[in-house]
């Protein structure tokens, strides 16, 4: 591992390297510096099976972080308290290193004294996480989205996900369809209400922007006193619409249970956390969002929960070929969870829209 790390332009000396974090896609290591005053680093092996265009991926990150840095430097308080990731180049000036085994590696400066949490426990935390995501969108409001590589084409394309679902439904894995007929009915019954955002996006009524596309709470680093500071995990940054980021933020941050919860009675929406998220996000973005973007934010949580429900059910019908599972019905349980959350968002839509209007 030391040999890989030494391919990059690191300050100081390497004391030790340890596995870091619990990510499921890339393998991450912390490089501890042996020199006082020199930074530690994060060394990552990029999963090039998930992200085959490593050059495009790293160019996206470089372009976006450079632009964010330039915006932060001229921003007033409190926007200027935000920070962003710093890519460390190789000794030849490259953004990544390819080793003899065909693995791709990159390095970021390690941001000391900042922390990430898997779960939102208070409306105040929801506010702070959302505020950093809001600044992310605001700082990139003037960046041309079409300069970025679409690293996962159709990632949040609902029509594409539904077509994949229908294809698998026609030829499901043995014994799977009979166990999920109610869920299939739910997917088909909810489609029309939720395709509205997808249609508006594709017809150009909703602006194509730079979006993060994976706005879980643990992708924001916070200060020790829980102030949102830095948006991380930029691998999925690409062109999208604001509803992808707002929607996934409220799906993961204001739902009352994680997507592996089997007891559907525990799955609903925490309106106070939704209010906190909306206030944090819209407090820094409302003036750069259009009327139609704002109009559909209340629906976006249902949109993103529905996409996840469709994806989990598709994988269940296919025989569990994409997501890691702990049991034969794990993907079915996840699908039920996310479809329940979709219905909970829809049942509370008037309240959610009112919160967005007032935020």
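We did not get these values from a lab; they are worked out from the coordinates using the rules stated. The structure displayed is predicted, hence computed values, not measured ones. Here the Cβ is made from the backbone with ideal geometry for all residues, glycine too, and neighbour counts use every protein chain on show.
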**OP:** Relative to the longest principal axis of the C-alpha atoms of the chain, give the angle of the C-alpha long axis of helix 54-73, reported between 0 and 90° and rounded to the nearest 10°.
**Re:** 80 degrees
Original post:
What angle, in degrees between 0 and 90 and rounded to the nearest 10, separates the Cα long axis of helix 181-202 from the longest principal axis of the Cα atoms of the chain?
Top reply: 60 degrees
Original post:
Hey, in the GNM for the chain with a 10 angstrom Cα cutoff, which one of 336, 147, 275 fluctuates hardest?
Top reply: 147
Original post:
Taking a point 7 angstrom from the Cα of residue 326 along the C-beta vector, which residues in the stretch 240-263 have backbone N less than 15 Å away?
Top reply: 258-263
**OP:** Obtain the nm distance between the two label points defined at residue 262 and residue 86 by a simple spin-label model: each point lies 7 Å from its Cα along the Cα-to-C-beta direction.
**Re:** 4.8 nm
**OP:** Report, to the nearest 10°, how far helix 242-253 tilts away from the longest principal axis of the Cα atoms in the chain, using its own Cα long axis and a range of 0 to 90°.
**Re:** 90 degrees
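What ranking, highest mean first, results for peptides 226-232, 353-359 when packing means the other Cβ atoms within 10 Å averaged over each residue?
On the way: 226-232: 20.7, 353-359: 16.4.
The densest-packed peptide leads the list: 226-232, 353-359.
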Original post:
In a GNM of the chain with a 10 Å cut-off on Cα contacts, which of 33, 60, 213 has the highest mean-square fluctuation?
Top reply: 33
**OP:** Over all alpha-carbon pairs in the stretch 123-358, figure out the percentage whose distance exceeds 34 Å.
**Re:** 12 percent
**OP:** Return the single residue from 80, 265, 337 with maximal mean-square fluctuation; model: Gaussian network over the chain, springs between Cα atoms under 10 Å.
**Re:** 265
Subject >> Contact order normalised by residue count of the chain, Cα under 8 Å, 6+ apart, percent >> reply: 18 percent
